[in-house]
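Nothing in this text is a laboratory measurement; each read-out follows from the coordinates by a stated rule. The structure presented is a predicted model; accordingly, all values stated were derived computationally and were not measured. Glycine gets a Cβ as well: all are built from the backbone with ideal geometry, and neighbour counts include every protein chain shown.
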Amino acid sequence: MAQGLDGTVALVTGASSGIGYATALHLAGLGARVAVVARRRERLAELAGRIADAGGEALVVESDVTSEQAARDAVDAAVQRFGRLDTVVANAGVMLLGPIVDAPVPEWERMVQLNVLGLLYTSHAALPHLLSAADGGPRSVADLVLVSSVAGRVARSGSGVYNLTKHGVGAFAESLRQEVTRRHVRVSLIEPGAVKTELSSHNRPEIQEQNRARWEGMERMEAEDIADAIGYVVTRPRRVAINEVLIRPTEQEG
């Protein structure tokens, strides 16, 4: 039987757009108070306003989680404001595609810093609070949701370093799951396929054109579809852990 999130606190990184934005709205709708974390304060303020208009409560945290101290400060801000932390969705990420040969190395560095280190910093800062929440509180369970990609399962030409970062997230998730699962912190890996978000817009123009050609004619998923899956994961009874969710558009073959 599903459980609501009344009395709990969630934190979502990368909340200024796409999956993070939709997930923050969804978790607030389930009853959680939500700390929304990203670099674009004005987008976060608009999101917090929507949550408040619907009767919820949100904390805006302008932060770049590629800094360990910034990630720690974001988590601390949520705990100081709301008194606890029950659910963390480490969603912030970037997808910079292209051939490995002659690639702009700063693109690789940016992906490693955000997709890997940003996720690690967020997880590390949040874990003591999640363990505490699982030891008591309204649900006696806590959730760390790590947003990866189908690219964490399938390596493709033209996405080698993105694949590397997302495969790494999967390995980290499974190792951490084994470490904390008996303490009732559930670690869940979400692996979306093609979603209509601004993620592709960060690529160089020629890569954007290739992406458009690849997905032309396909009905891609909406960010709300992934938010709904995350909501399902974190509202299971304490005895149930959803370890991995691979979710693709119906028309996506690989």
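Values as computed for the structure displayed
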read-out: Degrees separating the helix 18-29 axis from the principal Cα axis of the chain, which is the longest one; value: 20 degrees
read-out: Estimated vicinal HN-Hα couplings, Hz - segment 41-50 in sequence order (Karplus 6.51, -1.76, 1.60; Gly, Pro = x); value: 4, 5, 5, 5, 4, 5, 4, 4, x, 5
read-out: For the chain, convex hull of alpha carbons as volume per residue, Å³; value: 118 Å³
read-out: C-alpha long axis of helix 68-82 to longest principal axis of the chain, angle in °; value: 40 degrees
read-out: Neighbourhood charge, 13 Å Cβ-Cβ cut-off, centred on residue 67 and excluding it, Lys, Arg +1 and Asp, Glu -1; value: -2
read-out: Principal-axis tilt of helix 205-215 within the chain, Cα atoms, nearest 10 degrees; value: 80 degrees
read-out: Backbone HN-Hα couplings from phi across segment 83-100 [Karplus 6.51/-1.76/1.60, Hz, Gly and Pro as x]; value: x, 6, 8, 10, 9, 10, 10, 8, 10, 4, x, 9, 10, 10, 8, x, x, 6
read-out: Highest-first arrangement of 10-19, 221-230, where packing means the average Cβ count within 10 Å; value: 10-19, 221-230
